[in-house]
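Quick notes on the structure that follows.
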Amino acid sequence: MSIWEYANPVKFIRTTDKLMPWLSVAAIVCLVGGLIWGFFFTPDDYRQGSTVKIIYLHVPSALMAINAWLMMLLASLIWIVRRHHVSALAARAAAPVGATMTVIALATGAIWGQPMWGTWWAWDPRLTSFLILFLFYLGYMALWSAIENDDTAADLTSILCLVGSVFALLSRYAVNFWNQGLHQGASLSLDAEENVADVFWFPLLVCIAGFVLLFIALVFLRTQTEIRARRARALLARERST
Amino acid sequence: MIALLMRDLQLAVRAGGGFGLGLAFFLIVTVLVPFGVGPETGLLSRIAPGVLWIGALLACLLSLDRILALDWEDGSLDLLATAPLPMEGIVSVKALAHWITTGLPLVLAAPALGVLLSLPVEGYLWVVVSLAVGTPALSVIGTFGAALTVGLKRGGLLLSLLVLPLYVPTLIFGAEVARRGAEGLAVQTPLLMLAGISFGAVALLPFASAAVLRVNLR
């Protein structure tokens, strides 16, 4: 019994089918519970007022935007090394979810930034690197959809993911450097672990758990869809050839 | 390798258009900027280093799909793949040929265009240096992008979408060197970072490009 058994598409679908209801329910419970707890049962921040509550959407989505890319990187590596199709499909399935998380993080950040900094957007290192991450997601998804042969697409996108990871990391530090060189960054050093009091921290943890579960459930669902679509295509091709 | 390089260079010069096109594009972009932002000398001289860098980057981008697409179409890429030269060598030579036909002329033309943008006197040296150090990275990264999209019918737009995010660190450090140079500040740190990116890309990316090209030729 090793983890590679789940590389078998049939086994993968059977297992995830069993897990899906649990995952979805847990994600819904965590998200609804965490958001209601966060929105209605925490005090307003003494300086930021009630705008602080957008943290319950902003932080988890930003976290998942980065972790989705890490998961794609891992899945791409597994595809390159062990050539399990499920892994390549999981990477493909994660990309739109990760891109959506990036957009949510950017949008909520802008909505939060407007009352706090007086601007929707500043060329702050963090904001800029998230925008660049979004561009990487776009390129990755565009390459997947542009290539017809599935295996070729999986190979090319996985290599793009590896190279892109290196350059995304480089950009992250380059952007840090660039902004210090140009102008004072907006004061966005809200390191949650240090600054946030427990009363905000616990609902935030629940929300983060909810986003993680939601991400896993969505990736499972999309991977299943991909596997089934591919199977349907194979069946059609076989029918046509006979 | 040298034969391949000479062949690529001759093709670029003789095939008409390939060689001067990037340069002409660089000129046009630089000329258009004052129309866009107004002719005040102070403003122009402040943005001149950045404009020169973005112009060079776009000119590079424009000529990327010619690196491999023509050889792919007439089948000479398949012949090269079966040649004793390893694929890594082929893509390196291709990138080098692209740099000589596109990057190098841009470096040489940059001071002349700097005049148009009233670049400060101290800036000329550093614009040239930063472009000379940075354009090899642009060529090598671009070759990777060209290798990714070589098999596609309409790869041009996708190529830009893939390559431009990869250009971000190079552009940041390159433009920073040029800007600091123009303002008379110390340029050592960004210059070293730019050189690091350039050398790193030249050393490592051909392996990725070769792997991608092998997949595409499969």
message: Please go through the range A:111-141 and give me each residue that is surrounded by fewer than 17 Cβ atoms within 10 Å (Cβ to Cβ) and at the interface with chain B (Cβ under 9 Å from one of its Cβ atoms), ordered by number.
response: A:Leu138
Qualifying position, being within 16 Å of the chain's Cα centre (by Cα) and under 30 Å from A:Glu148 (Cα atoms), among B:Thr135, B:Thr170, B:Thr143, B:Thr149: B:Thr143
task: May I ask you to say which residue of B:Leu161, B:Leu166 is open to solvent by 30 Å² or more (accessible area, probe 1.4 Å), assigned to a helix (DSSP H, G or I) and either within 12 Å of chain A (Cβ to nearest Cβ) or of a type in the set (D, E, K, R) (or both)?
output: B:Leu161
message: For a quick check of your reading of the model, give me the residue pairs whose first member lies in the range A:116-131 and is farther than 22 Å from B:Leu161 by Cα, whose second is of a type in the set (S, T, N, Q) and open to solvent by 60 Å² or more (accessible area, probe 1.4 Å), with beta-carbon atoms closer than 7 Å and at least 6 apart or on different chains.
response: A:Trp120/A:Gln114
statement: Given the conditions (1) open to solvent by less than 50 Å² (accessible area, probe 1.4 Å); (2) within 17 Å of A:Ile208 (Cα to Cα); (3) within 12 Å of the chain's Cα centre (by Cα), every one holds for A:Thr100 apart from (1)
message: Whether any residue in the range A:152-174 is under 23 Å from A:Ile78 (Cβ atoms), at pLDDT 85 or above and open to solvent by 60 Å² or more (accessible area, probe 1.4 Å) is what I want to check.
response: yes
message: Exactly one of these conditions fails for B:Ser160: (1) over 16 Å from B:Arg66 (Cβ atoms); (2) in contact (Cβ under 8 Å) with a residue 12 or more places away in the chain; (3) among the hydroxyl-bearing types (Ser, Thr, Tyr). Give me its number.
response: (1)
statement: Restricted to the range B:169-184 and to residues being within 11 Å of chain A (Cβ to nearest Cβ) and open to solvent by 10 Å² or more (accessible area, probe 1.4 Å), the residue modelled with the lowest pLDDT is B:Glu183
task: For B:Pro136, state whether it is open to solvent by 10 Å² or more (accessible area, probe 1.4 Å), touching a residue at least 12 places away in the same chain (Cβ under 8 Å) and part of a helix (DSSP H, G or I).
output: yes
task: Among what's in the range B:185-197 and is open to solvent by 10 Å² or more (accessible area, probe 1.4 Å) and assigned to a helix (DSSP H, G or I), pick the residue that is farthest from A:Leu170 (Cα to Cα).
output: B:Gln188
message: Being open to solvent by less than 30 Å² (accessible area, probe 1.4 Å), in contact (Cβ under 8 Å) with a residue 12 or more places away in the chain and within 18 Å of B:Val212 (Cβ to Cβ): is that true of B:Val91 here?
response: yes
task: Name, by its number, the condition in (1) within 9 Å of chain A (Cβ to nearest Cβ); (2) modelled with pLDDT of 90 or more; (3) crowded, with 21+ Cβ neighbours inside 10 Å that does not hold for B:Gly151.
output: (2)
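Residue-by-condition table, conditions (1) without any contact (Cβ under 8 Å) to a residue 12 or more places away in the chain; (2) not small (Gly, Ala, Ser):
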site	(1), (2)
B:Ile141	no, yes
B:Glu176	no, yes
B:Thr189	yes, yes
B:Ala195	no, no
- prompt: Going by the structure shown, is B:Glu122 open to solvent by 20 Å² or more (accessible area, probe 1.4 Å) and touching a Pro at 6+ places or on another chain (Cβ under 7 Å)?
  reply: no
- request: Look at B:Val150 and say whether it is outside any helix (DSSP H, G or I) and either touching a residue at least 12 places away in the same chain (Cβ under 8 Å) or β-branched (Val, Ile, Thr) (or both).
  value: yes
The range A:186-231, residues that are out of contact with any Phe, Trp or Tyr (no Cβ under 9 Å at 6 or more places or on another chain), modelled with pLDDT under 75 and small (Gly, Ala, Ser): A:Ser189, A:Ala197
field: Output for the range A:165-176, where each listed residue is under 20 Å from the mean Cα position of the chain (by Cα) and more than 7 Å from every other protein chain (Cβ to nearest Cβ)
entry: A:Ser165, A:Val166, A:Ala168, A:Leu169, A:Arg172
task: Take the range B:107-120 and flag every residue that is farther than 19 Å from B:Glu176 by Cβ and outside any helix (DSSP H, G or I).
output: B:Ser118
field: Residue match in the range A:142-157 (condition: under 22 Å from B:Ile197 (Cβ atoms) and within 11 Å of chain B (Cβ to nearest Cβ))
entry: no
message: Residues that are away from every other protein chain (no Cβ under 14 Å), touching a Lys or Arg at 6+ places or on another chain (Cβ under 9 Å) and under 21 Å from B:Leu157 (Cβ atoms): does the range A:89-97 have at least one?
response: yes
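The values are calculated or read from the model by the stated rules, or taken from the named source; none is laboratory data. Keep in mind that this is a model prediction, so the values were computed, not measured. With ideal geometry, Cβ positions are generated from the backbone for all residues, glycine too; neighbour counts draw on all protein chains shown. Just the protein is used for accessible areas: all its heavy atoms, side chains included, with ligands, DNA and RNA removed. Shrake-Rupley method; radii C 1.70, N 1.55, O 1.52, S 1.80 Å.
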